[in-house]
Amino acid sequence: MRKKLVVANRKMNGSIPGNRAFLEGLLQGTQDAIHADYVVCLPHPYLYQCKALLHNTPIAWGGQNMSRYDSGPYTGSVSPGMLTEFGCEYAIIGHSERRSRGHETNQSAGERFEAAVKAGLKPIFCVGDTLEEYEQGKTDEVTFRQLNAIIEQSGVENLANGILAYEPIWAIGTGKAATPEHAQNILGFLRNHIAEHNAEVAQNLRILYGGSVNSKNCASLFTMPDIDGGLVGTASLDTQEFIAICRAASEAAAT
Ligand code: PEP
């Protein structure tokens with residue numbers, strides 16, 4: 001039985017007092033929502049604050065990106081070891097906002113996945129199609145290629161150390177979430193593809209849906225058999241809205 005997981009991707013938002021209100025509110029609001037796991041990904045400078053406020057609590061935290069290198073002349077980058085030093089358990093890898101600006105290719109995303117696992121992090125690996133690809137019926141082909149970057153780089157068994165997230169680019173930040181049926185189709189397709197390599201890894205891997213998840217649409221997404229939770233951007237900026245999503249995941253798991 002896979003435990004539901006809800007991840008906040010707060011992107012380049014926040015402030016020390018704002019984060020404190022969010023994290024303390026979240027701790028309180030999810031206290032009795034014990035059937036799901038929760039992760040918050042804040043901008044790197046605030047990871048120290050996560051460590052201070054979330055240490056020894058059920059809520060984990062992670063980076064929004066990381067370098068595949070341990071150290072060196074990579075101005076502006078953060079190494080996997082730096083994330084673990086700040087208590088991170090997770091790191092988002094291959095988010096479309098990084099892929100689309102040309103910083104990330106399938107190959108480099110695959111390499112980062114491997115580097116994250118080696119450092120003891122659980123990578124949250126994002127795949128997703130553009131609107132054009134979706135309209136041309138190429139979603140399977142595109143996500144298949146993105147997923148294969150990990151399988152080719154480090155073997156399907158390594159997927160057991162991470163999380164997969166399907167995030168259609170046309171749904172991110174647009175308010176137009178994929179229908180639960182569409183999301184289920186793609187997640188089921190990805191899981192079946194993994195099962196062709198290793199049935200146990202496929203069975204145990206948590207696969208999330210991301211793209212305009214909110215408190216109104218989350219329950220119907222979370223009841224789909226292959227949707228193990230959500231990667232949440234915009235709605236994580238509103239503490240009460242995000243708590244409602246977390247609680248819905250816990251309720252979906254409990255029923
Ligand atoms: C995201 O960027 O990972 C995301 C899912 O954003 P939003 O929820 O705003 O669509």
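Computed from the coordinates by the stated procedures, all read-outs in this text should not be read as laboratory data. Computed from a predicted structure; not experimentally measured. Cβ placement follows ideal geometry from the backbone for every residue including glycine, while neighbour counts extend to all protein chains displayed.
About its Cα centre, the dipole of the chain is roughly 560 debye, where the only charges are +1 on Lys and Arg Cβ and -1 on Asp and Glu Cβ.
Kindly rank 36-46, 79-89 from highest to lowest mean number of other beta carbons found within 10 Å of each residue.
36-46, 79-89
The helix-based estimate of mean residue ellipticity at 222 nm for the chain, built from -39,500 (n - 2.57) per DSSP H run of four or more residues and divided by its residue count, is -13000 deg cm²/dmol to the nearest 500. Here's how it looks for R10: its modeled amide H is under 5 Å from those of C41, which are all 5 or more places away or on a different chain. Using the Cβ-Cβ distance between R101 and K176 with R0 set to 22 Å, the FRET efficiency from 1/(1 + (r/R0)^6) comes to roughly 0.50.
Charge dipole (Cα centre; +1 on Lys/Arg Cβ, -1 on Asp/Glu Cβ; no other charges) of the range 183-246 amounts to roughly 80 debye. Each of S250, S71, S77, S108 was scored by other Cβ atoms within 10 Å of its Cβ. Arranged with the fewest first, they read S71, S77, S108, S250. Given their separation in residues at 0.36 nm each and the Cα-Cα distance between them, L27 and Y48 gain 5.9 nm when the chain is fully extended.
Residues whose amide H comes within less than 5 Å of that of N65, counting only those at least five positions distant or on another chain, are I92 (H built at 1.01 Å from N in the peptide plane). Remark: the D140-I34 segment gains 34.8 nm on full extension, using 0.36 nm per residue and subtracting the alpha carbon distance. Centroid-to-centroid, using Cα positions, the range 1-41 and the range 169-198 are 23 Å apart. Please find the FRET efficiency linking H55 to A199, where r is the Cβ-Cβ separation and R0 is fixed at 35 Å, and quote it to the nearest 0.05. After rounding to 0.05, the efficiency reads 0.40. Working note: Karplus 6.51/-1.76/1.60 with θ = phi - 60° gives the range 74-84 the couplings 10, 3, x, 9, 10, 8, x, x, 5, 5, 5 Hz, where Gly and Pro are set to x.
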